[in-house]
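Asker: If you scroll down you'll find the structure; I have some questions about it.
The values are calculated or read from the model by the stated rules, or taken from the named source; none is laboratory data. A quick note: this is a predicted structure, and the numbers were derived from the prediction, not measured. Positions of Cβ are backbone-derived with ideal geometry, glycine not excepted, and every protein chain shown enters the neighbour counts.
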Amino acid sequence: MPNQKAERDQSPGKTNAAGPGARRFVFFSALQGRAVLDSAGQVFGRLHDLKTKLGEHFPRITTVVVRKEKLKKPLALDWAEVSAFDGDTVTLRPGAEKAGTSVEVGAEEILLKVDLLDKQVVDTFGAKIERVNDVHLLIVDHELRIVHVDFGVRGILRRLGWLRAADGLMDWLFGYRFPEKLVSWKYVQPLAADLKHNLKLNVTLRKLQEIHPSDLADILEELGRANRSSIFKSLDLQTAAETLQEVDPKIQMSLIETTPEERATDILEEMEPDEAKDFLAELSEEKQEKLMRTMEDPYRENMEELLQYKEGTAGSIMTKDFIALSREATVAQAIEVFSGVFYPMESLTYIYVTDHEGHLAGVITLRHLITCDKQAALGKLMNQRLVRAGIEDDIDTVAGIFRKYKFLALPVVDPDNVIQGIITLQDIVEDKEK
C-alpha cells in the first residue's frame, strides 16, 4: 500500500520548523523517564506512561501518567493540562499539579507501556503476529498521536540504550545499520485478551475481516488459546467459517468448544458441506447430536446423509454443492439457477444433466452458458460421454480418475446412477495430503 511506504520513508526524529503545524517524530522509549515540569520550570515528576483511546487511524494521546518520588502510585493528568511539549520535556499549565487523579483505563483505552509494549499484536498489513518493541509518535499542533509500531531490532536496542553504540559498531565493522521496522498503526490489531480490562475493539476488529482466511488461520495458530478464542469470536460468520476450514483440526476443536452452540451451528452451516461433515465426524456423539439438532432442516439432512458414508470412500469426501438440471431445461433457466446459488466456484465448474427419472445423463460446462442460444435445451448441448465415481469407490480409485482425465470436478452416483454429490479437485488433493 503506497501510504505505508510513504510513512516508512519519514525519518524518525525529524523536526520541521517551529510554529503551528510543526511536526516532530519521537519514540515512546525516548520519553519514558523524561522530566515533567510544573509551570515554574521545576521537576514535578517523571513520565511513566501514556494513555490513548482507540478508534482513529492514528489515535491521540489523551493522558500523561506521571510518577512522583514520594508517591507509591503514579498520577494521571489529562493532556489538556500540558502547556508545552517539545519532544523532550513535558511542561504543565499553572495549577495542573492539583489536577492529578488515579490511573483508570476505560473501554477502548490502552496504556502504551502496560498494554502495548512487549505484547503480541496482529500486523494486518503483513497478516502475521508481531511483538511490539516500541511505539512511534508524532507531535503536531500540540497533539501527540500514535503513527507507527516498531517491531524491529532497533526498537529493542533503543529501549536498552544501546542503539547509538550498536549503530557505531555496525557502521565500523560492516558499513551497515539495522533497518527500521515500522508498521503504520492503522494496520495494527491489538489483542483483547492481552489487555487486563474489558477492551471493546469495535473499530480495529474490522481489519481482521480483510485478511485472507488462510492467513488468518496462520495467525490463530500462532496465538495462545485465550487470544485465539477472542479473535475467532470477533469474526463475522462467513469469515469464521472460511477460517475454521483452514486451521489445524486440533485448533478447530478448541475454537468450537469455546463458541456458544447456536453460533457454532451458524458457522458450520456457512462451511462447505464436506468440510463441515469432516469436522462433525471428529466430535463426540453427544456434541455432534447437540449441534445437529440446532441446524436448519435442509442442512441437517445433508449432514446426516454425508455422515453415513464410510471413511475412505467417494461418498465420505463429496460435497452436496452442485447444480443438476433436467435435460429439458434451457440455457436461460440454467443461467438463472447459476446466478442464484453461492457455492464455491470449484463446485460450479460443471452443470449436470439428468433424465426424467433423475439418472445422470450428461454434463455441460460454463462455456455453454456463455456461448450457446439461451433457448437451447441442455439435453441437446450436453456431453454424454460421462466419467463418474461410485459412492462406495475408494479414494485411490477417485484420485486415479482425476489424474487420468484432468477433471476439475467429478460426479458421484449411487448404484442407480442418481447423482448424490460431486468431488472437486481441491477435495481430492486435500484428502491425499491428510
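Asker: Would you pick out the residues in region 117-167 that are among the β-branched types (Val, Ile, Thr) and within 24 Å of residue 56 (Cα to Cα)?
Answerer: The answer is 121, 122, 124, 129, 132, 135, 139, 140, 146, 147, 149.
Asker: When both residues are 6+ apart or on different chains and their Cβ atoms are under 6 Å apart, which pairs have a first residue that lies in region 319-346 and is within 18 Å of residue 238 (Cβ to Cβ), and a second that is β-branched (Val, Ile, Thr) and modelled with pLDDT of 90 or more?
Answerer: Note: pairs meeting the criteria are 346/424.
Asker: Looking only at region 160-186, count how many residues are buried (at least 21 other Cβ atoms within 10 Å of the Cβ) and at pLDDT below 85.
Answerer: Within region 160-186, the subset buried (at least 21 other Cβ atoms within 10 Å of the Cβ) is 182-185.
Subset that is at pLDDT below 85: none.
Within region 160-186, residues that are buried (at least 21 other Cβ atoms within 10 Å of the Cβ) and at pLDDT below 85 number 0.
Asker: I'm trying to understand the selection: among the residues of region 9-52, which are within 26 Å of residue 111 (Cβ to Cβ), modelled with pLDDT under 85 and not polar (S, T, N, Q)?
Answerer: 12, 13, 23
Asker: Sticking with this one: Taking the condition of being within 14 Å of residue 77 (Cβ to Cβ) and assigned to a strand (DSSP E or B), how many residues in region 87-130 meet it?
Answerer: Of the residues in region 87-130, the ones within 14 Å of residue 77 (Cβ to Cβ) are 90-104, 111.
Now drop any that are not assigned to a strand (DSSP E or B), which leaves 90-92, 101-102, 111.
Of the residues in region 87-130, 6 are within 14 Å of residue 77 (Cβ to Cβ) and assigned to a strand (DSSP E or B).
Asker: Considering only region 225-275, state which residues are closer than 19 Å to residue 433 by Cα and among the hydroxyl-bearing types (Ser, Thr, Tyr).
Answerer: Correct list: 243 only.
Asker: Additional query: In the set 291, 268, 360, 255, which member is in contact (Cβ under 8 Å) with a residue 24 or more places away in the chain, under 22 Å from residue 399 (Cα atoms), among the aliphatic types (A, V, I, L, M) and surrounded by 17 or more Cβ atoms within 10 Å (Cβ to Cβ)?
Answerer: 360
Asker: Among all residue pairs at least 6 apart or on different chains, which show Cβ distances below 6 Å where the first residue, located in region 165-181, is free of Cβ contacts under 8 Å to residues at least 24 places away in the same chain and the second is assigned to a loop (DSSP other than H, G, I, E, B) and surrounded by fewer than 11 Cβ atoms within 10 Å (Cβ to Cβ)?
Answerer: 170/176
Residues checked against (1) surrounded by fewer than 15 Cβ atoms within 10 Å (Cβ to Cβ); (2) within 28 Å of residue 253 (Cα to Cα):
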{"site": "301", "(1), (2)": "yes, yes"}
{"site": "308", "(1), (2)": "yes, yes"}
{"site": "314", "(1), (2)": "no, yes"}
{"site": "317", "(1), (2)": "no, yes"}
{"site": "336", "(1), (2)": "yes, no"}
{"site": "342", "(1), (2)": "yes, yes"}
{"site": "350", "(1), (2)": "no, no"}
{"site": "367", "(1), (2)": "yes, no"}
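Asker: Here is a list of conditions, (1) at pLDDT 90 or above; (2) surrounded by fewer than 21 Cβ atoms within 10 Å (Cβ to Cβ); (3) touching a Leu at 6+ places or on another chain (Cβ under 9 Å), and residue 94 meets all of them except one; can you say which number that is?
Answerer: Of everything listed in (1) at pLDDT 90 or above; (2) surrounded by fewer than 21 Cβ atoms within 10 Å (Cβ to Cβ); (3) touching a Leu at 6+ places or on another chain (Cβ under 9 Å), residue 94 misses just condition (3).
Asker: Criterion first (under 13 Å from residue 314 (Cα atoms) and not in a loop (DSSP other than H, G, I, E, B)) does residue 398 satisfy it?
Answerer: Working: under 13 Å from residue 314 (Cα atoms): yes; not in a loop (DSSP other than H, G, I, E, B): yes.
Spelling it out, residue 398 is indeed under 13 Å from residue 314 (Cα atoms) and not in a loop (DSSP other than H, G, I, E, B).
Asker: Is it the case that residue 201 is within 23 Å of residue 114 (Cβ to Cβ), of a type outside the set (D, E, K, R) and modelled with pLDDT of 85 or more?
Answerer: It is false that residue 201 is within 23 Å of residue 114 (Cβ to Cβ), of a type outside the set (D, E, K, R) and modelled with pLDDT of 85 or more.
Asker: Of the numbered conditions (1) under 17 Å from the mean Cα position of the chain (by Cα); (2) touching a residue at least 40 places away in the same chain (Cβ under 8 Å), residue 214 satisfies every one except a single condition; which is it?
Answerer: Tallying (1) under 17 Å from the mean Cα position of the chain (by Cα); (2) touching a residue at least 40 places away in the same chain (Cβ under 8 Å), residue 214 fails exactly one: (2).
Asker: Pick from 63, 124: which is in contact with a helix residue (DSSP H, G or I) (Cβ under 7 Å, 6 or more places away or on another chain), over 30 Å from residue 215 (Cα atoms) and buried (at least 19 other Cβ atoms within 10 Å of the Cβ)?
Answerer: Criteria check complete, one pass: 63.
Asker: Another question, then. Pick from 157, 144: which is surrounded by 15 or more Cβ atoms within 10 Å (Cβ to Cβ) and without any contact (Cβ under 8 Å) to a residue 60 or more places away in the chain?
Answerer: Unique residue meeting the criteria: 157.
Asker: Those residues that are closer than 19 Å to residue 321 by Cβ and over 35 Å from the mean Cα position of the chain (by Cα), I need them from region 379-411; list them, please.
Answerer: Of everything in region 379-411, those that are closer than 19 Å to residue 321 by Cβ and over 35 Å from the mean Cα position of the chain (by Cα) turn out to be 388, 389, 391.
Asker: Continuing with this model, one more query. For region 131-145, give me the residue count where each residue is over 22 Å from residue 219 (Cβ atoms) and either at pLDDT below 85 or assigned to a loop (DSSP other than H, G, I, E, B) (or both).
Answerer: Count: 2.
Asker: So if I check each of 401, 391, which one is in contact with a strand residue (DSSP E or B) (Cβ under 8 Å, 6 or more places away or on another chain), without any contact (Cβ under 8 Å) to a residue 24 or more places away in the chain, at negative phi and of a type in the set (A, V, I, L, M)?
Answerer: On the way: 391 fails: without any contact (Cβ under 8 Å) to a residue 24 or more places away in the chain.
The unique qualifying residue is 401.
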